[in-house]
Amino acid sequence: MIACLLIPGFELRAALRERPGLALRPAALGPVPGEEPLLGPVTAAAEAAGVRPGMRMGEALALCPELALVEQDPAAAEHEWEQLLQRLEDAGLGVESAAPGCVYFESRGIERLYGGLEAALKRALAAVGSAWDARIGAAERRFAALAAANVARSGQVLIVSDRQTRDFLAPLPLTLLPVEPERLEELEELGVKRLGQLAGLPGAAVAERLGPDGRRAWSLARGEKRGKVRARKLAAALVETLEFPEAVANELTLRRALGALLDRLLARPERGDRAIRKVALSAKLVGGGSWRRTVTLRDATADRDRLRLALSPKLAELPAPITKLGLEVVELAHAVGQQLELVRAEGEELRAHLSEGLRQVRAGAGSGAVCSVVEVAPWSRMPEQRALLVPRDDC
């Protein structure tokens, strides 16, 4: 069984950890500065007042004048989510984080450990804790597990058998599908609002009208795509922070602080002389909230000057003075160094560059960003049915 543990509105819950009193009042996660003024997740009190996620800020405040806007705190959300993932791993689960608030794992390896499927899933809920209002859905197929987690109530475990999958999915809304909003609007304009309605359409017609994304959505609605869980690899936490006695906004001071953090991070023995591929820069803002930027390096490196050149421009994006600066290694390269050759084989250098480029794409866009085209039905008249995109694990 594939299980999906879901925490609705995780970013808001993480931001409210330091302000628990707002959890019982109408509150919503505010927009990111400089972006469209749309609300994020909302509390139950705000939802009862008619405020919905994605609503424009002006409309929400007119509807509920006492609505409190909570400043986004991405650094706190990342920290809390990492703590939850580590608790699940301590319970014996191999987890794949889809997004903060949504994680997948397979129950097969722990069912005997905890005495059955339901007991194992309840153990996962207990590892997360009751304060997060988590819920779990389990099914043979990945999308069905996600749908079951969305339907389940807080603290509930909902298990969907394989023969019940299609009937279970049929009455659910299309918003559960991982497709672009434009596709959902197009389907709603055609009168398709439920997964069952989409599953009842001819696959060829859906592929012709909506392309590969529509074909994939149609397959998910029919419960055909199984998917699998790719558990993350455990790595040592490489994090360095520097707190200031008072708020700092001077760019020269920030650059010197960044240099000190780089020196401390590169000196950590846990790195094992491996190069850094992906690094995150975070800061605690003076007015509350936090700021975080992730940088994927074109070529993995442990050179201090190259890392400083890649990270220094991000300091100019700080929206306010800060009281704490942090630097975290998100991903390390596999190799310790580069083995040089006197004469390289023909095409070897090109293949090495291509492999390095693919690893960079995977580090920046996720494990499913690099795929191979595999022919499955070359005789088909529909181009979308002739081949599948299969994620690569060898780069």
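The values are calculated or read from the model by the stated rules, or taken from the named source; none is laboratory data. Small disclaimer: the values here were computed from a predicted structure and weren't measured. Cβ coordinates were reconstructed from backbone atoms using ideal geometry, including for glycine residues, and neighbour counts include every protein chain displayed. SASA here: full protein model, heavy atoms, side chains in, ligands and nucleic acids out. Shrake-Rupley method; radii C 1.70, N 1.55, O 1.52, S 1.80 Å.
Annotations
- A full extension of the chain between Arg25 and Ala320 corresponds to an added length of 103.5 nm, given 0.36 nm per residue minus the alpha carbon distance.
- Total lysine pairs whose alpha carbons fall under 30 Å of each other in the chain (8 or more apart, or interchain): 16
- Mean sequence separation of contacting Cα pairs (under 8 Å, at least six apart), scaled by the length of segment 193-282, corresponds to a relative contact order of 21 percent.
- Each Cα pair under 8 Å and six or more residues apart adds its separation to the average, and for the chain the resulting relative contact order is 13 percent.
- Simple spin-label estimate for Glu89 and Phe244 in nanometres, 7 Å along Cα-Cβ: 3.2 nm
- Net charge of neighbours whose Cβ lies under 9 Å from the Cβ of Leu262, counting Lys and Arg as +1 and Asp and Glu as -1: +1
- With a simple spin-label model that places each label point 7 Å from the Cα along the Cα-to-Cβ direction, the separation between Arg274 and Ala204 comes to 5.0 nm.
- Protection-proxy order for peptides 302-308, 376-382, each taking the mean of Cβ atoms within 10 Å per residue, highest first: 302-308, 376-382
- Cut-off 14 Å between beta-carbons: net charge of the residues surrounding Glu189, Lys and Arg +1, Asp and Glu -1: -1
- Rolling a 1.4 Å probe over the protein heavy atoms leaves Thr175 with an accessible area of roughly 100 Å².
- Taking every DSSP helix (H) stretch of at least 4 residues in the chain, weighting each as -39,500 (n - 2.57) and dividing the sum by the residue count yields a mean residue ellipticity at 222 nm of -10500 deg cm²/dmol.
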